[in-house]
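Student: Sharing a structure below in structure tokens format, with a few things to ask.
Please treat every number below as a calculation from the coordinates, not as lab data. Model, not experiment: these values are computed from the prediction. Neighbour counts run over all protein chains shown; Cβ positions are idealised from the backbone, glycine included.
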Amino acid sequence: MALKLLGRNIPSILRMTKAVDLKISRRLCIKPHEESKLQPKSGAPLKVPGHKPTDWERRFLLWAGNFKKPEDIPETVSIETIRAAKTTLRVKFSYVMIALTILGCIIMVIKGKQAVKRHESLTSINLEKKAQWREEALQSTSAKP
């Protein structure tokens, strides 16, 4: 009785494999007689036909370094080559963005230090604006009589 109570807490997958043959429990595996149906009857594997690259894809292939000159690019290129070139460009673009972010941070730190030397801060700028607004408000109330 205690084993039955413990058995209820066992996940259903473990419960199934306890008394079931392992060959039957592999539901997602392809059975040997089904493999022959999926393969093409001809001995040659299926090949992806060539893709005629657009102007942008030609530029991607050049920028990625797959070809040195536009004349070197053949009329048909495999899709895998174009995808690899796009991936390479994504990586290069991310490196450029990282470098620009770091450069921007360095510039902002330099400008901030220069502002501190001039005794400029957001607090002092805000206080000056508020003082100016108060003076304008006082002048406008005194001029209205």
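Student: Treat the count of other C-beta atoms within 10 Å as a stand-in for reagent exposure and order 60, 93 from fewest to most.
Tutor: 93, 60
Student: For region 106-145, which GluC sites (Glu not before Pro) pass both filters: DSSP loop (anything but H, G, I, E, B) and at most 13 other C-beta atoms within 10 Å?
Tutor: Taking region 106-145 and a limit of 13 other Cβ atoms within 10 Å, the loop GluC sites (Glu not before Pro) found are 120.
Student: Relative contact order of region 50-127, please, whole-number percent, based on alpha carbon pairs below 8 angstrom and at least 6 residues apart.
Tutor: It comes to 27 percent, rounded to a whole number.
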